[in-house]
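First up is the structure itself, then whatever we jot down about it.
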Amino acid sequence: MPPRDPRSDEELLHDREDPAETFAVFYRRHVDAVLRFAAARGADADHAADVASETFVAALRQRHAYSAHHDDARLWLLGIAARKLIDGHRQAQGDRHRTEALARTIALTRRDRDGYARLLADEAARDYLADLPEQQRRLVHERVVADRSYADIARDLGLSEQSVRKQVSRGLARLRTQMGKNR
């Protein structure tokens, strides 16, 4: 393990000679603390990594505004991380509300299903369908042709319901766009 850099966090953050290297030192010094902080507040490994990434991006942007009130910048970083966790929670809550609203307002009609059946019957249209990414094509088929619920598809494939909804919606939009361009 290399020896600890003797410079203070404030010196590292305000360095103008080699800011990339000194910020890297600052990052290595504190990344574990930020990850532990996020994990202690219920973040899984991926979410904790996202929070750490967002925290250090914010710290990099604000580095010249930092003024030392303590021996190190750990409390400053953890304050940023706390705000990132709160922002993520608010965003997830908003996503849930939007998903619920979509579930109430978007329902596939018989016309949608008939249109998909025509799409499958049309050779050129099958090419458009084949151009969709494999998972998106499968999800569109499961939802539209097999008439399965988003929740059932999500459960069977180990995806979130929101992810299934987005991919089906994007797949159908892409099909509509492609078919409209080539009419």
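The values are calculated or read from the model by the stated rules, or taken from the named source; none is laboratory data. Everything numeric in this text was worked out from a predicted model, so none of it was measured. Note: ideal-geometry Cβ built from the backbone for every residue, glycine included; neighbour counts use all protein chains shown. Heads up: the accessible areas ignore ligands, DNA and RNA and are worked out on the full protein's heavy atoms, side chains in. Shrake-Rupley method; radii C 1.70, N 1.55, O 1.52, S 1.80 Å.
Brief remarks on what is shown
- Every pair of residues 6+ apart whose Cβ atoms lie under 9 Å, when the first sits in segment 165-183 and is of a type in the set (Ser, Thr, Tyr) while the second is at pLDDT below 75 and part of a helix (DSSP H, G or I): Ser169/Leu102
- Meets criteria (open to solvent by less than 80 Å² (accessible area, probe 1.4 Å), under 30 Å from His14 (Cβ atoms) and either under 15 Å from the mean Cα position of the chain (by Cα) or among the aliphatic types (A, V, I, L, M) (or both)) for Ala65: no
- Hits in segment 25-48 - residues which are in a helix (DSSP H, G or I) and either touching a residue at least 60 places away in the same chain (Cβ under 8 Å) or open to solvent by less than 50 Å² (accessible area, probe 1.4 Å) (or both): Val25, Phe26, Arg29, His30, Val31, Ala33, Val34, Phe37, Ala38, Ala48
- Test for Thr55: is it crowded, with 18+ Cβ neighbours inside 10 Å and without any contact (Cβ under 8 Å) to a residue 24 or more places away in the chain: no
- Helices (runs of 4 or more DSSP H) lying entirely in segment 66-174 (those with 1 or more residues that are closer than 30 Å to Ala39 by Cα and modelled with pLDDT of 85 or more): 74-105, 150-157
- Single residue of segment 126-177 satisfying the filter (among the small types (Gly, Ala, Ser) and open to solvent by less than 30 Å² (accessible area, probe 1.4 Å)) that is farthest from Ala92 (Cα to Cα): Gly171
- Candidate set: segment 6-24, residues that are of a type outside the set (Lys, Arg) and exposed (fewer than 15 other Cβ atoms within 10 Å of the Cβ); chosen: the one farthest from Ala65 (Cα to Cα): Pro6
- Residues within segment 1-24 that are assigned to a loop (DSSP other than H, G, I, E, B) and polar (S, T, N, Q), tallied: 1
- Sole exception among (1) out of contact with any helix residue (DSSP H, G or I) (no Cβ under 7 Å at 6 or more places or on another chain); (2) open to solvent by 40 Å² or more (accessible area, probe 1.4 Å); (3) more than 30 Å from Ala151 (Cα to Cα) for Gly79, by number: (2)
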